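What follows is a single structure, written as structure tokens, with notes after it.
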Amino acid sequence: MEIILLERIEKLGAIGDVVTVKDGYARNFLLPNKKALRSNAANKKVFEANRAKIEADNAARRGDAEKAAEGVNGKQIVLIRQSSNAGHLYGSVAVRDVVEALQAEGITNVTKAMVVLERPIKTLGLFDVKVALHPEVAVTIQVNVARSPEEAELQAQGVDVMADLFEKDESGFTEDYDPNAEPGEIAAEAEEAPAEEA
């Protein structure tokens, strides 16, 4: 289906571009959300007559988004989640969790539709998440997923918490080693055996 774009859409075009998209994408998303018009003679005339107003409205929304971007860009949010010893979360961090954490920080102008999360976050660590406040204004926030506020603080300082955890595990229990012991014999028993013979 041929449509006329009413706003810039990433990977599709800018305001006023006539593009061809799949029928379902146009009918289910672009047309109901007033992001496009069907491309026909009547709509082309309507668009050209209102082009200046459409572009002015877009510029105003872009200006508002740029002001809002100053408060959001580079923001770090901390999400405390339970995880396995390997660092895999029980569940995942989704767009809704990111929006709720931003709202808890006092940023209320970010909606779920603005957060671009390629895939849900399923491990501990630091993740950069894109927030598209406007089709032409995108900022990046950092999501710090940790098991406790202390771990979140360490991760923020650049410490790899999972690597440290495994290093501690390796340096924990060590067995006494007796080079003269028979295979399967425990070191302490090997030392006691000669004392019994004497």
All but one of (1) in contact with a strand residue (DSSP E or B) (Cβ under 7 Å, 6 or more places away or on another chain); (2) free of Cβ contacts under 8 Å to residues at least 60 places away in the same chain hold for T140; which doesn't? (2)
In the range 82-102, the residues that are open to solvent by 70 Å² or more (accessible area, probe 1.4 Å), in contact (Cβ under 8 Å) with a residue 12 or more places away in the chain and within 21 Å of E153 (Cα to Cα): Q82, N85, H88
Examine the range 68-77 for a residue that is outside any helix (DSSP H, G or I) and on the phi > 0 side of the Ramachandran plot, and state whether such a residue exists. yes
Please enumerate the residues belonging to the range 52-81 that are open to solvent by 70 Å² or more (accessible area, probe 1.4 Å) and over 32 Å from the mean Cα position of the chain (by Cα). A52, K53
Search result, residues across the range 127-151 that are acidic (D, E) and open to solvent by 60 Å² or more (accessible area, probe 1.4 Å): D128, E136, E150
Within the range 1-49, residues in a strand (DSSP E or B), of a type in the set (V, I, T) and open to solvent by less than 30 Å² (accessible area, probe 1.4 Å) come out as I3, I4, I9, V19
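Return yes or no: is K112 closer than 30 Å to A26 by Cα and among the basic types (K, R)?
Details: closer than 30 Å to A26 by Cα: yes; among the basic types (K, R): yes.
In short, yes.
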Of the residues in the range 133-156, those that are in contact with a Leu (Cβ under 7 Å, 6 or more places away or on another chain) and closer than 29 Å to K11 by Cα come to V139, Q142, V143
Kindly indicate which of L117, L124 is surrounded by 16 or more Cβ atoms within 10 Å (Cβ to Cβ), at negative phi and more than 9 Å from the chain's Cα centre (by Cα). L124
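In contact (Cβ under 8 Å) with a residue 12 or more places away in the chain and not acidic (D, E): which single residue out of A26, A49, A42 fits that description? Full working, then the answer.
Numbers: A49 fails: in contact (Cβ under 8 Å) with a residue 12 or more places away in the chain; A42 fails: in contact (Cβ under 8 Å) with a residue 12 or more places away in the chain.
Going through A26, A49, A42 in turn, the sole match is A26.
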I'm told D97 meets every condition in (1) under 30 Å from A60 (Cα atoms); (2) assigned to a strand (DSSP E or B) except one. Can you identify the failing condition by its number? (2)
Determine, yes or no, whether V137 is among the aliphatic types (A, V, I, L, M) and within 14 Å of R81 (Cα to Cα). no
Those residues of the range 140-161 which are at pLDDT 90 or above and farther than 18 Å from H88 by Cα, in sequence order: T140, I141, Q142
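Please enumerate the residues belonging to the range 100-111 that are assigned to a helix (DSSP H, G or I) and closer than 18 Å to E70 by Cα.
Within the range 100-111, A101, L102, Q103, A104 meet the criteria.
The values are calculated or read from the model by the stated rules, or taken from the named source; none is laboratory data. Please read these numbers as outputs of a predicted model, since none were measured by experiment. Using ideal geometry, Cβ is built from the backbone for each residue, glycine included, and neighbour counts are taken over all protein chains shown. Keep in mind that these areas ignore ligands, DNA and RNA; they rest on the heavy atoms of the full protein, side chains included. Shrake-Rupley method; radii C 1.70, N 1.55, O 1.52, S 1.80 Å.
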